[in-house]
Protein chains: 4
Amino acid sequence: MSSEFGKILHVSVFGQSHGRAIGVVVDGLPAGEEIDLAALQRFLDRRRPGSGPLSTARKETDIPEFLSGLEDGKTCGAPLCAVIPNADQRSRDYGELADKPRPGHADFTAWVKWGGHADMRGGGHFSGRLTAPLCVAGGIAKQILARRGIFVGAHLAAAAGITDAPFPLYPTAALFEELAARPFPVLDEAAGERMRAAVLAAKNDLDSVGGVVECAAVGLPPGLGDPMFEGVENRLASALFGIPAVKGLEFGEGFRAAELRGSGNNDAFVVEQGRIQAETNHAGGILGGITTGMPLVLRAAFKPTPSIGRAQRTVSLSRLENAELTIHGRHDPCIAHRAVPVVEAVTAAVLLDLLLEGNHGTF
Amino acid sequence: MSSEFGKILHVSVFGQSHGRAIGVVVDGLPAGEEIDLAALQRFLDRRRPGSGPLSTARKETDIPEFLSGLEDGKTCGAPLCAVIPNADQRSRDYGELADKPRPGHADFTAWVKWGGHADMRGGGHFSGRLTAPLCVAGGIAKQILARRGIFVGAHLAAAAGITDAPFPLYPTAALFEELAARPFPVLDEAAGERMRAAVLAAKNDLDSVGGVVECAAVGLPPGLGDPMFEGVENRLASALFGIPAVKGLEFGEGFRAAELRGSGNNDAFVVEQGRIQAETNHAGGILGGITTGMPLVLRAAFKPTPSIGRAQRTVSLSRLENAELTIHGRHDPCIAHRAVPVVEAVTAAVLLDLLLEGNHGTF
Amino acid sequence: MSSEFGKILHVSVFGQSHGRAIGVVVDGLPAGEEIDLAALQRFLDRRRPGSGPLSTARKETDIPEFLSGLEDGKTCGAPLCAVIPNADQRSRDYGELADKPRPGHADFTAWVKWGGHADMRGGGHFSGRLTAPLCVAGGIAKQILARRGIFVGAHLAAAAGITDAPFPLYPTAALFEELAARPFPVLDEAAGERMRAAVLAAKNDLDSVGGVVECAAVGLPPGLGDPMFEGVENRLASALFGIPAVKGLEFGEGFRAAELRGSGNNDAFVVEQGRIQAETNHAGGILGGITTGMPLVLRAAFKPTPSIGRAQRTVSLSRLENAELTIHGRHDPCIAHRAVPVVEAVTAAVLLDLLLEGNHGTF
Amino acid sequence: MSSEFGKILHVSVFGQSHGRAIGVVVDGLPAGEEIDLAALQRFLDRRRPGSGPLSTARKETDIPEFLSGLEDGKTCGAPLCAVIPNADQRSRDYGELADKPRPGHADFTAWVKWGGHADMRGGGHFSGRLTAPLCVAGGIAKQILARRGIFVGAHLAAAAGITDAPFPLYPTAALFEELAARPFPVLDEAAGERMRAAVLAAKNDLDSVGGVVECAAVGLPPGLGDPMFEGVENRLASALFGIPAVKGLEFGEGFRAAELRGSGNNDAFVVEQGRIQAETNHAGGILGGITTGMPLVLRAAFKPTPSIGRAQRTVSLSRLENAELTIHGRHDPCIAHRAVPVVEAVTAAVLLDLLLEGNHGTF
């Protein structure tokens, strides 16, 4: 068991990059939830490789087929299964790779674990392509959360070391929509321009860059999550590290909090219009693992795409000797901007799971 | 359910800071493992508040009593329960706090979740004191791992923004022992001196500082962990965010990877003495969620102690109006150095859990 | 989350009886296992409605399509997804039922839980049809177990109150194969003849009958399972009660043990050819939740098919008044004989899960 | 991990029969629940060995000490830990048993699993003594359920093959209280008299008898539980088979349903005083794994106490040869009557867990 998360809402992802299809089973959705399939498709399209030079040339329409759980456009209580056929796989591009693990990829560890039986064409089950079904699950969760006044949005907070502006103290649903409509999901368009130039420069150098996605959720009730190991941070972390290439995660000030003093990191409580709020949000909306009611804010660090066009040193598994490898397949010079909706999706799925647990107090 | 983690090895923590006792149940330990109680106590002592000015004045001997699971100094297969009585609690220090949630603490969120019924004296179940039983579980796991050639160690990588030297590419068990013996667990003693000065300066300002703990594990077989949501990173993150005050977590280069190019972040594979290794370890020993056999390296960011001696703005829960609060209790001006063995403990418990799962391939 | 079981090997079933397709995701299969698809199909065919008068007239070929996890006829380590399209659904047969819950069916409870959104055509997600994907998962598990010398078989131990002969003390793989090849899976063919007559008699009375399936597994190592709540009995029970219509479960002597004396129920240990065995097997191969190495023996009680052709009293949900209902759809006068491979399937999946856990001692 | 169950409410049992203490951690209890400790003790006393000839001579007061989770007599939200010291252990009685596994006990399987390290004195972790902490957890659950109008009760439905009267269609809280107050928990006192005589007769023969416990819960809302593997039956079975000596479990008609026709087993729905009810309750209050709102009825079969005073054949583990064993320790000639509150306890804990999940529809 590996490709699953969730307690009340359970998400189970399957498929390999060059297999017949990829898909997801979502078990535990509330019944009677209308799913706007056009809006879901727009959400999925944000993740798809674009037509520009920043993305892989692999083309997939990524239109999910619903085998169960959805009747007359509404969830029916039974587990939902969505399948996305793989259309544009070119496995011949990956022949040499069976013997020469690509640095930075899971080829070597999959070979250790599964021997020669691993289907690692195009990254196999470890491929970023598996984030498409994740977005189906998370896109549905986003719609259900929105109906309850909870909105999840994200932007590319950094790429190639160039940083976007941070989210404001109170991000709004409108801001999230605006970001979702942008071809490059940043708050500061000038920074976005510099990011794109840096990605292209790396591409021209047969190289790649990493990035950071900042995600926020607003409208959450206070009291979600449990202490210690079932906290909101734990549950989100447990799922978010499942997105390929995530190597770091922080909430609120995160690593910067380690450099602050208590007086600078504590958020003063204040009463505003009869409600208890915090004046600042260094905590990222979570204290003791439990939501405060302030916006939840997290950042996930994505490593640079390990597939690069340069010759790299690796080994031959069969001959147990050093070797060189040049990867010829299609690949993204940066995946962080395409990961923006994926972080939203996983965050939304976890938050809906927490919300469905329903023991978040009565405040 | 909240204060539990683990799949084959299950750790369940209980207790409140000022309750009768704190403790832990560890279910799933292999039978016949000799536990060196003196060594375990030395490990626990690393977490205890020291006698110096850097720590809280609360004094606890923290000697665990074993109620089950340990017979004649060996694990017997049945769940192990260890209890640590609370001795030096002074609840009168916390009277005012029942109505005025301390900024940066879980007082407010516990009140939302559990109403006035929460026992938040001294932080209650959310207190850093709960890391003592965690260290019992993790200290036992460390001994069992060591018997299998796996060693876990950590140091204070940063405090108050002052950074220690990083771990070398191949940390050794001897280095871990050396660090464990030091009164202040840093690699670069000069940096440690500056950190201590910064902590004292904050203390004199009635303030506190945060820090970063870097933890490594060596001797791990390749092939531990599963893809996507049951990866080593996911499992560790799910547990490590349960340590109070952790707000960020990264593996290998972590957030710095987001600033690197692929050519600088990929680790080339090489054959050395007939074994496949990586020349560098930007991945922190994990690719695709699965161990590579290289040292596992992670860093956890701790926020500054929220309890500070300065007056802070908060609210009165009963009167729903703004209020001021000055905390008079004992507290640490920095908890990150005391958290070093805690991060080791949780890491060791998760790694033993993964190891016991036993499906890590046959390479 | 509902339609899932397993810890290392995780089985997740989806689909509704009259939806587009039904299917299963099996996550955690060992890699490199060859799956004999023809043998799997023969196993699935044992569950399919036959052409005779004992079964429903609904016709489905039930040939699974593998979307993932199986490459070149071998498991590849990634989650396996198999889909079975629904072909012969006739939803018009079920129109009246939306308002009138069928006695003995889940129509009423699904309506309570999911309101009018439940897709209960043909029983929806609660239908016996969902046992087809279960048999895909279990049929694969059976092949993997057989490769390790573990064999699972079952027979119809009773139907309509008529009992078959019990399994011998040591059932063999050959006996299981023989049973699997029989059109009516009983040990005593004369008893089988009487059972069939009783089923037909019930059918002629527009009624139905129940039955008992006895299942055994041989070749299990001693030491599988854990004490108390993770015992072999617990794990099997947790899954077997998921088969529609199961209302009772017993291991070894089961309910009969409650009538025995200790001297008659205890199994004496003996050394035979250097191995410790039991002279009798009243325990059904399990002591303290852990396998003894003797054959595992269980019996599951199936209630009579709730769909019967007679007029029955029920209520109108919309008008909240008493009503009468005559079910006109196709249905089995007995499902217990078709449940025989289903019990085998679920038993095999649970046993493989336990075996993969790999902590069953070194005896 | 073995000695734990529950999803929202998690119960974790620890201890060995002759170790220092036994106990339980209950994580996930709602906060602010007043626990009547005197009533809890009365509940625990029902399980304790009595002073009469029907029970073991081992004397334990079984008064739990609460280390956490309970402040001022109320749950505080944090995990509750209760410890019961072992007082009257006489381990010298069990010396010979280290080498000669008792037939019908877990001695052999524990030895296979844990080698000579297992602490099997008095049955170790497998002992019926572990049901005392289970009763602490379940007794608390019963009080919380009662406050919500849900009552759980049980009686000894059979012992030594002699049957009690069954529960009426609608058992009441008053009936449960009456049963709890009786020294021998049967509905039909004449049958109880015959049972006691049969137990004494077995005791005089140095033998033991088994029995059946019938348990019911009334006041449950319809809609509890989920389809397939997370049904009420699955969740109860998964926990109830954890009670030592349980070898069978059935719901409603259970095994008798297998002998009925559909027309005799289906429960007709009727509207009574504006509510939908069933005229009969062959289903035992569960359809499709989900509660109907009718009383939940289950029966658990207990095998005869395996410890008997007669000489029995077994093996010497060290010499791998046949041996004879006469058990001299104290033991119950029947445990089924003492198991009555244990079945109530486990049933109550599972039902509270299901109730806390809170997704049981809005009917």
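Could you tell me how many of the residues in the range A:194-208 are in a loop (DSSP other than H, G, I, E, B) and surrounded by fewer than 24 Cβ atoms within 10 Å (Cβ to Cβ)? Before the answer, list the steps.
Step one: of the range A:194-208, the residues in a loop (DSSP other than H, G, I, E, B) are A:205-208.
With the extra rule that they be surrounded by fewer than 24 Cβ atoms within 10 Å (Cβ to Cβ), the set shrinks to A:205-207.
Number of matching residues: 3.
Residues in the range D:209-217: is at least one assigned to a loop (DSSP other than H, G, I, E, B), under 19 Å from the mean Cα position of the chain (by Cα), within 14 Å of chain C (Cβ to nearest Cβ) and touching a residue at least 40 places away in the same chain (Cβ under 8 Å)?
Of the range D:209-217, the ones assigned to a loop (DSSP other than H, G, I, E, B) are D:210.
When the remaining residues are screened for being under 19 Å from the mean Cα position of the chain (by Cα), the result is D:210.
Cutting the leftovers down to within 14 Å of chain C (Cβ to nearest Cβ) gives us D:210.
Still in the running and touching a residue at least 40 places away in the same chain (Cβ under 8 Å): D:210.
Within the range D:209-217, one or more residues are assigned to a loop (DSSP other than H, G, I, E, B), under 19 Å from the mean Cα position of the chain (by Cα), within 14 Å of chain C (Cβ to nearest Cβ) and touching a residue at least 40 places away in the same chain (Cβ under 8 Å).
Among (1) of a type in the set (Gly, Ala, Ser); (2) more than 10 Å from every other protein chain (Cβ to nearest Cβ); (3) open to solvent by 30 Å² or more (accessible area, probe 1.4 Å), where does B:GLY116 come up short?
Of (1) of a type in the set (Gly, Ala, Ser); (2) more than 10 Å from every other protein chain (Cβ to nearest Cβ); (3) open to solvent by 30 Å² or more (accessible area, probe 1.4 Å), only one is false for B:GLY116: (2).
Right, A:SER263: open to solvent by 10 Å² or more (accessible area, probe 1.4 Å), touching a Ser or Thr at 6+ places or on another chain (Cβ under 7 Å), more than 18 Å from A:PRO168 (Cβ to Cβ) and facing chain B (nearest Cβ under 7 Å) or not? Write out each step before concluding.
Details: open to solvent by 10 Å² or more (accessible area, probe 1.4 Å): yes; touching a Ser or Thr at 6+ places or on another chain (Cβ under 7 Å): no; more than 18 Å from A:PRO168 (Cβ to Cβ): yes; facing chain B (nearest Cβ under 7 Å): yes.
No.
With (1) open to solvent by 20 Å² or more (accessible area, probe 1.4 Å); (2) part of a strand (DSSP E or B) as the list, and B:ALA301 as the residue in question, which single condition is left unmet?
For B:ALA301, the failing item is (1).
Scan (1) on the phi < 0 side of the Ramachandran plot; (2) at pLDDT 95 or above for the single condition B:GLY77 breaks and write down its number.
(1) is the only condition that B:GLY77 fails.
Going by the conditions given, is A:VAL136 aliphatic (A, V, I, L, M) and closer than 22 Å to C:GLU65 by Cβ? Explain how you work it out, then say what you get.
Working: aliphatic (A, V, I, L, M): yes; closer than 22 Å to C:GLU65 by Cβ: yes.
Against the criterion (aliphatic (A, V, I, L, M) and closer than 22 Å to C:GLU65 by Cβ), A:VAL136 qualifies.
Restricting the first residue to the range B:168-186 and requiring it to be open to solvent by less than 20 Å² (accessible area, probe 1.4 Å), which pairs with a second residue that is at pLDDT below 95 and of a type in the set (Phe, Trp, Tyr) meet a Cβ separation below 7 Å and a spacing of at least six or different chains?
As it stands, the answer is none, since no pair meets every condition given.
Which one is surrounded by the fewest Cβ atoms within 10 Å (Cβ to Cβ), of the residues in the range B:305-363 that are within 14 Å of chain C (Cβ to nearest Cβ) and assigned to a loop (DSSP other than H, G, I, E, B)?
Quick first cut of the range B:305-363, residues within 14 Å of chain C (Cβ to nearest Cβ) only: B:352-363.
Among the residues that remain, those that are also assigned to a loop (DSSP other than H, G, I, E, B) are: B:358-363.
Details: B:GLY358: 13, B:ASN359: 18, B:HIS360: 20, B:GLY361: 19, B:THR362: 7, B:PHE363: 16.
If we take residues in the range B:305-363 being within 14 Å of chain C (Cβ to nearest Cβ) and assigned to a loop (DSSP other than H, G, I, E, B), then B:THR362 is surrounded by the fewest Cβ atoms within 10 Å (Cβ to Cβ).
So which residues in the range B:167-193 are within 18 Å of the chain's Cα centre (by Cα) and not charged (D, E, K, R), if there are any at all?
Of everything in the range B:167-193, those that are within 18 Å of the chain's Cα centre (by Cα) and not charged (D, E, K, R) turn out to be B:PHE167, B:PHE176, B:LEU179, B:ALA180, B:ALA181, B:PRO183, B:PHE184, B:PRO185, B:VAL186.
Using the structure shown, decide if D:GLY274 is at positive phi and either open to solvent by less than 20 Å² (accessible area, probe 1.4 Å) or facing chain C (nearest Cβ under 7 Å) (or both).
Details: at positive phi: yes; either open to solvent by less than 20 Å² (accessible area, probe 1.4 Å) or facing chain C (nearest Cβ under 7 Å) (or both): yes.
Considered against the rule, which asks whether it is at positive phi and either open to solvent by less than 20 Å² (accessible area, probe 1.4 Å) or facing chain C (nearest Cβ under 7 Å) (or both), D:GLY274 comes out as yes.
Looking at B:SER3, B:SER55, B:SER68, which is the one that is among the small types (Gly, Ala, Ser), open to solvent by less than 20 Å² (accessible area, probe 1.4 Å) and within 14 Å of chain A (Cβ to nearest Cβ)? Spell out the reasoning first.
Numbers: B:SER55 fails: within 14 Å of chain A (Cβ to nearest Cβ); B:SER68 fails: within 14 Å of chain A (Cβ to nearest Cβ).
Residue meeting the stated conditions: B:SER3.
Within the range C:6-46, can you find the residues that are small (Gly, Ala, Ser), within 7 Å of another protein chain (Cβ to nearest Cβ) and open to solvent by less than 10 Å² (accessible area, probe 1.4 Å)?
Within the range C:6-46, C:SER12, C:GLY15, C:GLY19, C:ALA21, C:GLY23 meet the criteria.
Return the residues of the range C:156-167 that are more than 14 Å from chain D (Cβ to nearest Cβ) and surrounded by 21 or more Cβ atoms within 10 Å (Cβ to Cβ); say none if nothing qualifies.
Start the filter on the range C:156-167 by keeping residues that are more than 14 Å from chain D (Cβ to nearest Cβ), which leaves C:165-167.
Selection gives C:PHE167 alone.
Pick out the one residue from A:GLY95, A:GLY73 that is open to solvent by 40 Å² or more (accessible area, probe 1.4 Å) and out of contact with any Phe, Trp or Tyr (no Cβ under 8 Å at 6 or more places or on another chain).
Numbers: A:GLY73 fails: open to solvent by 40 Å² or more (accessible area, probe 1.4 Å).
Exactly one of A:GLY95, A:GLY73 is open to solvent by 40 Å² or more (accessible area, probe 1.4 Å) and out of contact with any Phe, Trp or Tyr (no Cβ under 8 Å at 6 or more places or on another chain), namely A:GLY95.
Only one of C:LEU224, C:LEU145 is within 30 Å of C:LYS74 (Cα to Cα), open to solvent by less than 10 Å² (accessible area, probe 1.4 Å) and in contact with a His (Cβ under 7 Å, 6 or more places away or on another chain); which?
Details: C:LEU145 fails: in contact with a His (Cβ under 7 Å, 6 or more places away or on another chain).
Being within 30 Å of C:LYS74 (Cα to Cα), open to solvent by less than 10 Å² (accessible area, probe 1.4 Å) and in contact with a His (Cβ under 7 Å, 6 or more places away or on another chain) holds for just one of C:LEU224, C:LEU145, which is C:LEU224.
Would you point out which residue out of B:PRO244, B:PRO227 is more than 7 Å from chain A (Cβ to nearest Cβ) and touching a helix residue (DSSP H, G or I) at 6+ places or on another chain (Cβ under 7 Å)? Before you say what the answer is, go through the steps one by one.
Working: B:PRO227 fails: more than 7 Å from chain A (Cβ to nearest Cβ).
From the options B:PRO244, B:PRO227, the qualifying one is B:PRO244.
The values are calculated or read from the model by the stated rules, or taken from the named source; none is laboratory data. Because the structure is predicted, anything quoted here is derived from the model rather than measured. Note that we place each Cβ from the backbone using ideal geometry, even for glycine, and neighbour counts take in every protein chain shown. Quick note on the areas: whole protein, heavy atoms, side chains included, nothing else; ligands and nucleic acids left out. Shrake-Rupley method; radii C 1.70, N 1.55, O 1.52, S 1.80 Å.
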